[in-house]
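Q: Handing you this structure, nothing more for now.
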Amino acid sequence: KAGVTQTPRYLIKTRGQQVTLSCSPISGHRSVSWYQQTPGQGLQFLFEYFSETQRNKGNFPGRFSGRQFSNSRSEMNVSTLELGDSALYLCASSSLGDDGELFFGEGSRLTVL
Amino acid sequence: GDSVTQMEGPVTLSEEAFLTINCTYTATGYPSLFWYVQYPGEGLQLLLKATKADDKGSNKGFEATYRKETTSFHLEKGSVQVSDSAVYFCALMDTGRRALTFGSGTRLQVQP
């Protein structure tokens, strides 16, 4: 079956702008989570959604937000972009029966200039 | 809070050498433990996992044993190949919270 699909794969924004990233989970998976990967901070958990509800949230400012739709697709939004938001944003999906196994997409690489 | 510490890289080995990447963790509960691998330009792939103490995860010749007494989950492979060159991440997921805490990653370079 198809894997986790993230769009766009690459994008460039300038400081102060906002960005929306999209994630389509594996068919049948209802949990979607987001991670930020940077050289300095490594991989950090942003948030997790299940059945359109945010269940868990990492330690990021309110500029980072997300949502999940009824078809389990998810979007994350970053407003008022800062240079430090440049990162690879990874989406992962899972079904509840997988003992916690997350399936990751290839990521969206955001560059903020 | 939860944390994962893994050895600094890069680790450079010759083909067919033995590999060990150390990983230790701190967690308040009884986490599940994972090793993920990231190849250049790609996302993360689950390599192996263990969900309780003394479990051994294995896949593609890689192994790791969940050691509760030493809070460790070291990754081993008996004979590495050039195709194993990648970044390896140790991670934990605490019970009831579907959020992974990752180590900093260890880059493995295997030379022919």
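Q: Going by the alpha-carbon gyration tensor, a ≥ b ≥ c the square roots of its eigenvalues, is the stretch B:20-112 rounded (a/c under 1.5) or, if a/c is not under 1.5, prolate (a/b greater than b/c) versus oblate?
A: prolate
Q: A further question on this structure: What translational diffusion coefficient, to the nearest whole µm²/s, does the stretch A:59-99 have by Stokes-Einstein, given a Kirkwood radius computed over alpha-carbon pairs, a temperature of 20 °C and 1.002 mPa s viscosity?
A: 172 µm²/s
Q: Using just the Cα positions, wrap the stretch B:45-84 in a convex hull and report its mean projected area in square nanometres, one decimal place.
A: Hull-based average projected area comes out at 3.1 nm².
Q: Could you tell me how far the Cα centroid of the stretch A:49-113 sits from the Cα centroid of the stretch B:50-112, in Å?
A: 24 Å
Q: Moving on to the next point. How much FRET efficiency would the formula 1/(1 + (r/R0)^6) give for B:LYS52 and B:VAL82, where r is the Cβ-Cβ distance and R0 is 41 Å, rounded to 0.05?
A: Given R0 = 41 Å and the Cβ-Cβ separation, E is 0.75.
Q: How compact and how long is chain A, expressed as Rg and Dmax of its alpha-carbon atoms in Å?
A: 13.3, 41
Q: Let me understand the stretch B:18-59 better: what is its radius of gyration from the alpha carbons, and its Dmax, in angstrom?
A: 12.1, 34
Q: Quick one: give the max-minus-min coordinate of the C-alpha atoms of the protein assembly as shown along each principal axis, largest first, in Å.
A: Dimensions of the protein assembly as shown along the principal axes of its Cα atoms: 48, 36, 36 Å.
Q: Still on this structure, I have one more. If the only charges are +1 at each Lys and Arg Cβ and -1 at each Asp and Glu Cβ, what is the size of the charge dipole of the protein assembly as shown around the Cα centre, to the nearest 20 debye?
A: 680 debye
Read the figures in this text as sums done on the coordinates, not as results from a lab. Nothing here was measured: the structure is a model prediction, and the numbers come from that model. As a convention, Cβ positions derive from the backbone with ideal geometry for all residues, glycine included, and neighbour counts pool all protein chains shown.
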